[in-house]
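Here, each number is a calculation from the coordinates, and none is a lab measurement. Worth saying up front: this structure is predicted, and the values here are computed from it rather than measured. All Cβ positions, even for glycine, are placed from backbone atoms using ideal geometry, and neighbour counts span all protein chains on display.
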Amino acid sequence: MVFAWLKRWFKNWFGRKKTVKLGFYGPPNAGKTTLANKISIDWTGAEIGKVSEIPHETRGVQKKEKVIVRVGARKIEMDLLDMPGIATKVDFEEFVKDHKMSEEEAKQRAKEATCGIIEAIKWLENVDVAIVIFDASLDPYTQTNITIIGNFEARKIPVILVANKIDLKNANVDRIKNAFPQHGIVAISAKEGTNIDKLYNAIAKYA
Amino acid sequence: MALEIEFLSSNMIKEKKGHEKISFILYKIKEGKILILEEPLTSLEEAKLIEETMISVDEKFKGVEVATLGEENRSFASKIATALLGIRKGITVIGPATVIKKIRKEKAPQKILMSAVEGHDDKKDEQEK
């Protein structure tokens, strides 16, 4: 018992990183920036980035550094890293057709989106804890989601799966649990702030 | 317009290492082919494939659709076989996004459902593998 206590004490003081790099990953429009904003506003009073219904609004890694989060008696210092949504295709014509952008604007957005995806992939090995966010109203069992989670598993980086948008009528958290039974799920609504405290507790386990 | 599907055997894939493997796959996809890989890509290779794909995206090449069966939730025996013999069970299906509209995976039983972009497969919208 004494040994276990000593081990825990050593881990607490020497094993933990001073600042935890917390990466927000997932497909476009899952609510990564909404969640990063919620955490950032809770603890710093400022947003991290702009939210939009148009895919690929975040086209570069958005950072909020040295955010102090209190979980119970603990203070955790984090760098919040809001990643561009990872996708296997980017079609500028979809921006023109579905979001009424000019062709020039759409091409520029597509170009920036591809650079953002590359940047997000390069960051995969550099985060300390990864939050993978799903839109709970959509099919979670996609190759992109499997690839993202598989990369963290291969690199032994702790992953927290977040089922976002549980405020939507057709949200289905069980579908995510069935798709990735090897991981625990935190079901939240970043928009309404539901269950964010549960997410902080999950982060604290790995931070 | 006909769909061209090319089967890449495990031996052919094994000859290519690292970056060469991804470049080889991407080269074939940019020719408009759908590839079936006898040996599945790992998650790390898939991330590399997405990265290389994004470098190649332009007005004509919009990206890829990809699905792998058999890599996640592998059994202990499968992991041992991979470690000792280098054998990895499963397949990866990859194709250009201009040809494949969507690939959807199902878990139990394992399935890959592909739908072709209009004009590429008039007879059958969805193929089941």
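Can you compute the modelled spin-label distance between A:GLU112 and A:ALA46, with each label point 7 Å from Cα toward Cβ, in nm?
Inter-label distance under the simple model: 2.0 nm.
Enumerate the amide H contacts of A:VAL20 below 5 Å, restricted to partners 5 or more residues apart or on another chain; note that Pro and chain-start residues carry no placed amide H.
Result for A:VAL20 returns A:GLU77, A:MET78, A:ASP79.
I'd like the Karplus ³J(HN,Hα) series for segment A:64-70: coefficients 6.51, -1.76, 1.60, θ = phi - 60°, whole numbers in Hz, and an x wherever there's a Gly or Pro.
After applying 6.51 cos²θ - 1.76 cosθ + 1.60, I find 10, 9, 6, 8, 9, 10, 9 Hz.
If you take the Cα Rg of the protein assembly as shown and divide it by 2.2 N^0.38 Å, with N the number of residues, what do you get? Write out the running numbers ahead of the final one.
Numbers: Rg = 20.9 Å, N = 336, 2.2 N^0.38 = 20.1 Å.
Normalised Rg, Cα atoms only: 1.04.
Which trypsin sites (Lys or Arg not before Pro) does segment B:40-69 hold that lie in a coil by DSSP with at most 15 other beta carbons within 10 Å? Spell out each step's value before the answer.
Values: sites: B:LYS48, B:LYS60, B:LYS62; in loops: B:LYS60, B:LYS62.
Sparse-neighbourhood loop trypsin sites (Lys or Arg not before Pro): B:LYS60.
Rounded to the nearest 5, what % of DSSP beta bridges with both residues in chain A are antiparallel?
Close to 30 percent.
Summarise the partner chain shielding of B:38-45 as one whole number: the mean count of Cβ atoms from other chains within 10 Å of each residue's Cβ.
Mean partner shielding for this stretch: 3.
Taking θ = phi - 60°, what integer Hz values does the Karplus form 6.51 cos²θ - 1.76 cosθ + 1.60 yield along segment A:51-57, in sequence order, with x for Gly and Pro?
Karplus-based 3J(HN,Hα) across segment A:51-57 equals 9, 8, 7, 7, x, 6, 5 Hz.
If you plug each phi of segment B:39-47 into the Karplus form 6.51 cos²θ - 1.76 cosθ + 1.60 with θ = phi - 60°, what whole-Hz ³J(HN,Hα) values come out, in order, with x for Gly and Pro?
In residue order, the calculated couplings are 10, x, 6, 7, 4, 5, 5, 5, 4 Hz.
Evaluate E = 1/(1 + (r/R0)^6) for A:ALA204 and B:GLU15, where r is the Cβ-Cβ distance and R0 equals 56 Å; express this FRET efficiency to the nearest 0.05.
With R0 = 56 Å, the Cβ-Cβ based efficiency is 0.75.
Have a look at A:VAL96, A:VAL20, A:VAL127 and tell me which one the Gaussian network model of chain A (Cα, springs below 10 Å) gives the largest fluctuation.
Between A:VAL96, A:VAL20, A:VAL127, it is A:VAL96 that shows the largest mean-square fluctuation.
Within 10 Å of each Cβ in B:59-68, how many Cβ atoms from other chains are there, averaged over the peptide? Before the final figure, lay out the partial values.
Numbers: counts 6, 0, 1, 8, 8, 3, 3, 5, 3, 4.
That works out to 4 on average.
What number, in percent, do you get for the relative contact order of segment A:1-206 if the mean sequence gap of Cα pairs under 8 Å and at least 6 apart is divided by its residue count? Walk me through the intermediate numbers first.
Details: 370 pairs, mean separation 43.3, N = 206.
Result for segment A:1-206 is 21 percent.
Across peptide A:83-92, what mean number of C-beta atoms from other chains lies inside 10 Å of a residue's C-beta?
5
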